[in-house]
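Trainee: I'd like to ask some things about the structure below.
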Amino acid sequence: MAVFILTRFAAINEVFKHGQIITNDINICELKMKQIAHSTINSELLKTLRGDSPRERLLHRLHCVALVLNGLSSSAVARIYGDSPRAVAYWVKRFKKDGEQGLHEESRPGRPSKLNASQLKHVQIFLDKSSAHSKSEKAEHLAHYISEKFGITLTVRQCWRIVNRLQV
C-alpha cells in the first residue's frame, strides 16, 4: 500500500505545514502501525486465541494443523499463536496418525482434586460474591469457607491456586 501511495506522490513532493514530505509521513505512520500491532498481541490475547475449554483448545490445535498442512511451517504457525514449534509439529504428527482423535486432550497425571465439580461451582459463586479485594484475601476467605461448608481443609496456597484457576 505504501509503495502505491509513494509512487503517486513521488513527483509531487508535497510539503505539509510541519515541513516534512508526504513520503516521510507515510513511513512514520507505517512504523507506528507496526509498533502498535506488535504491542497489542500480548499473552492474554494469545491465551484467548487458544481457548479455555477442551473443545476450544481442540479447535486451536486443528487450526494450527490446517495451517501447516496448507504450507506454513510449524515454526511460523507457532510464532503466530505463541505455541512452541515442537508442540505444533507434534500435533501434525498425531493428526496424520490418528486424525482428529489424535488431537483430543489426554488425561493428565497428578493428584485428584479434593473438590468435586459441584463443590467448585459453589466455590465460584462464593468468589463472585466475595468482598475481598486482593487474591490473597480471597484465598484466606476461601480456605475458611471450604472448611466450614464442605469439611475439607485446604491451605491458603491451595486456595490461591483455585482462585487463579477460576480466574477471579
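Trainee: Go through the range 88-113 and give me each residue that's under 19 Å from the mean Cα position of the chain (by Cα) and surrounded by 14 or more Cβ atoms within 10 Å (Cβ to Cβ).
Mentor: Matches in the range 88-113: 88, 91, 103.
Trainee: Hey, any hits in the range 142-152 for a residue that's loosely packed, with under 13 Cβ neighbours inside 10 Å, within 24 Å of the chain's Cα centre (by Cα) and of a type in the set (Asp, Glu)?
Mentor: no
Trainee: Are there any helices (runs of 4 or more DSSP H) wholly within the range 67-168 with 2 or more residues that are among the basic types (Lys, Arg), assigned by TED's automatic domain parsing to the domain that holds residue 56 and under 22 Å from residue 50 (Cβ atoms), and if so which?
Mentor: 85-98
Trainee: Within the bounds of the range 42-58, is there any residue that is farther than 23 Å from residue 167 by Cα and at pLDDT below 90?
Mentor: no
The values are calculated or read from the model by the stated rules, or taken from the named source; none is laboratory data. Remember, predicted model here, so these are calculated numbers, not experimental data. For neighbour counting, all protein chains shown are included, and Cβ atoms are generated from backbone atoms with ideal geometry for every residue, glycine included.
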